[in-house]
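Please treat every number below as a calculation from the coordinates, not as lab data. Everything quoted here is computed from the prediction, not taken from an experiment. Quick reminder, even Gly has a Cβ in these numbers, built from the backbone with ideal geometry, and neighbours come from all protein chains shown.
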Amino acid sequence: IHVIVENQIAMGDEIPVRATLERLMRQGLDRHDAIHAIGCVLMTHMTGQRRKATGKGDPNEAYYQELKSLTPAKWLRDFG
């Protein structure tokens with residue numbers, strides 16, 4: 001998961017992962033914990049996509065929306 005998130009960060013502004021990492025770090029997480037927080041959202045998204053597999057719309061849009069609402073407190077509450 002670390003490698004996937006790092007690759008997504010390397011994509012720059014193409015997807016919102018780097019901006020999420022930077023925001024989480026400004027909110028107090030160190031880089032490692034911020035990557036874990038993003039990874040938790042990614043794994044939850046991947047599990048949900050595998051279960052529904054409807055093929056409608058962009059499957060990543062829900063992931064990006066969840067990243068936008070991710071905070072350190074939410075990560076600790078949901079995954080801590």
Per residue, the convex hull volume that the Cα atoms of the chain enclose (Å³):
89 Å³
Residue-averaged [θ]222 nm for the chain, counting only DSSP H segments that reach four residues, each worth -39500 (n - 2.57)
-22500 deg cm²/dmol
Once E14 and R77 are pulled to full extension, the length gained, defined as 0.36 nm per residue separation minus their Cα-Cα distance, is 19.8 nm
For D30 and S69, extending 7 Å from Cα along the Cα-Cβ vector and measuring point to point gives, in nm, a value of 3.0 nm
